[in-house]
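Scroll down for the structure; my scribbles are underneath it.
Any read-out appearing in this document is the output of simple, stated calculations on the displayed coordinates, not a laboratory observation. Keep in mind that this is a model prediction, so the values were computed, not measured. Every residue, glycine among them, receives a Cβ derived from its backbone with ideal geometry; neighbour counts consider all protein chains shown.
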Amino acid sequence: MSNQTVKEKIRQRRSQMLVHSCLYYEMDESIVSDDKWQQWANELALLQTENPNDCNIDFYDKEFEDWTGASGAFLPLNDPKVRSKAAYILKISENNYVQTDPDVVQYTGTLEEFIS
């Protein structure tokens, strides 16, 4: 899991679930494949199940309390921070400020920078 702590990886995956679900459900946009999203969702579910003591990170803890990875439709997608970061990521992906491949946007910064 690279040099990230479990808490950092949980936060990253939560950020990805929020932002990319907002793009998909609220903005009718998609910059990652469904398969990539599901891979992240499943990883988050596993991380949280295997590390329950690392889930209290003051970052949408309640919203991800029973996360199964089945859908991002019921996350707080209208949260102003989430919408702002989703719009920002969409803009930079459209303006080629990031390098992309068909499956995933390669961010130039951390997701924590985008979401916090």
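Label separation (E94 vs D54): 3.7 nm, computed from points 7 Å beyond Cα along the C-beta direction. Restricting the calculation to Cα atoms, the stretch 9-86 yields a radius of gyration followed by a Dmax of 11.7, 35 Å. Take the Cβ atoms of A87 and Y25, set R0 to 22 Å, and the FRET efficiency comes out at 0.95.
In straight-distance terms, cross-link reach from K91 covers every one of the lysines whose alpha-carbon lies under 21 Å from its own, apart from those fewer than eight places away in the same chain; here that gives K36, K81.
Which ordering of L46, L23, L75 is given by a fewest-first count of other beta-carbon atoms within 10 Å?
Sorted ascending by nearby Cβ count, the order is L46, L75, L23.
Considering only W37, A73, Q16, the residue lying farthest towards the positive end of the dipole of the stretch 6-110 is Q16, judged by Cα position with unit charges set on Cβ.
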